[in-house]
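Participant: Sending over a structure as C-alpha cells; questions will come in a sec.
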Amino acid sequence: MFSRIATVAARAPRVQLAGVSSRRTMLTAQKGLYTAKASATGGGRADGVAKSETTNFKVSIQPPGSENNTNPEELVALGYSTCFLGAMKVAAQQIGKTGPSDAAKVFADVTLNKTDSKESPFTISTHLKIEDTKQDIATLAAVAKQTNSVCPYEIAFKGNIKQTFTAIGKDGNESW
C-alpha cells in the first residue's frame with residue numbers, strides 16, 4: 001500500500017517555485033522516536049486556538065502582525081531554530097569538528113509569502129542566522145552546512161521552500 005502511494009506521489013506534477021530546487025529524495029522512517037499530537041479549533045490562522053494533545057501547551061492563533069498572539073509562522077520558527085541548534089551537535093560529530101559552543105544562537109525567520117499560483121497561493125520561506133561568537137567562521141559554516149543533512153526540519157524543507165542561511169563566527173560571516 002505504501003509503495004503504491006509513494007509511486008503515485010512521485011509521479012504527481014510539481015509546481016516549480018523560483019529559486020527552489022525540485023529534486024526530492026524520499027527517506028524511509030525506520031523507527032518513530034516521538035509523535036507530537038496537536039489540534040486546532042476556531043478560525044484556524046484567523047482566530048483559532050491550537051493546543052498540544054500530548055502536553056499542556058495551548059496558544060491563541062491570530063493573523064501575522066496581531067499583537068499579543070502568535071501565528072503558525074512563529075510556531076514553525078520556534079521549532080526550526082531549536083531543532084537546528086540541537087542537530088548542530090550531531091553534525092559537528094559527523095565531520096569531526098567541535099561545536100556549537102554554549103554561546104551559539106540560531107535565529108529563524110519564517111516568512112509567509114503570496115504567490116501568483118491559483119493552485120498554491122501561499123508558501124513559506126526561511127532564513128536562518130547561526131551565530132557563535134566563540135567559534136571561527138570556517139568551522140561554524142562547515143557544521144551549519146552539515147546540519148542541513150541532519151536536522152529533520154531541514155530535510156523536510158529542502159527542495160520545497162526557498163531557504164537562505166547566514167553564519168556569524170568570531171572572525172567573520174558567510175551566507176549561502
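Values quoted throughout were computed directly from the atomic coordinates according to the rules given, and no laboratory measurement underlies them. Please read all numbers here as calculations on a predicted model, not as lab measurements. Virtual Cβ from ideal backbone geometry, glycine too; neighbours counted across all protein chains shown.
Participant: Looking at (1) over 17 Å from Gly86 (Cα atoms); (2) in contact with a strand residue (DSSP E or B) (Cβ under 9 Å, 6 or more places away or on another chain); (3) acidic (Asp, Glu), which one does Asp171 not meet, given that it meets all the others?
Facilitator: Here Asp171 meets the rest and fails (2).
Participant: For segment 154-165, check the following and say yes or no: at least one residue is over 24 Å from Tyr34 (Cβ atoms), among the hydrophobic types (A, V, I, L, M, F, W, C), in contact with a Leu (Cβ under 6 Å, 6 or more places away or on another chain) and surrounded by 17 or more Cβ atoms within 10 Å (Cβ to Cβ). Before the answer, list the steps.
Facilitator: Restricting attention to segment 154-165, the residues satisfying the condition of being over 24 Å from Tyr34 (Cβ atoms) are 159, 162-165.
Still in the list and also among the hydrophobic types (A, V, I, L, M, F, W, C): 165.
Applying the additional criterion that residues be in contact with a Leu (Cβ under 6 Å, 6 or more places away or on another chain) yields 165.
Now drop any that are not surrounded by 17 or more Cβ atoms within 10 Å (Cβ to Cβ), which leaves 165.
Checking segment 154-165: at least one residue is over 24 Å from Tyr34 (Cβ atoms), among the hydrophobic types (A, V, I, L, M, F, W, C), in contact with a Leu (Cβ under 6 Å, 6 or more places away or on another chain) and surrounded by 17 or more Cβ atoms within 10 Å (Cβ to Cβ).
Participant: Then there is this: Can you confirm whether segment 106-120 contains a residue that is closer than 28 Å to Tyr34 by Cβ and assigned to a helix (DSSP H, G or I)? Working first, answer last.
Facilitator: So the first thing to find is which residues in segment 106-120 are closer than 28 Å to Tyr34 by Cβ, and the list is 106-112.
Restricting the remaining residues to those that are assigned to a helix (DSSP H, G or I) gives none.
There is no residue in segment 106-120 that is closer than 28 Å to Tyr34 by Cβ and assigned to a helix (DSSP H, G or I).
Participant: Does Ile130 count as among the aliphatic types (A, V, I, L, M) and either assigned to a loop (DSSP other than H, G, I, E, B) or within 26 Å of Ala50 (Cα to Cα) (or both)? Give the derivation first.
Facilitator: On the way: among the aliphatic types (A, V, I, L, M): yes; either assigned to a loop (DSSP other than H, G, I, E, B) or within 26 Å of Ala50 (Cα to Cα) (or both): no.
For Ile130, the condition - among the aliphatic types (A, V, I, L, M) and either assigned to a loop (DSSP other than H, G, I, E, B) or within 26 Å of Ala50 (Cα to Cα) (or both) - is not met.
Participant: Another question, then. Restricting attention to segment 42-66, which residues are under 17 Å from Leu112 (Cβ atoms) and surrounded by fewer than 15 Cβ atoms within 10 Å (Cβ to Cβ)?
Facilitator: Selection gives Gly43, Gly44, Ala46, Asp47, Pro63, Pro64, Gly65, Ser66.
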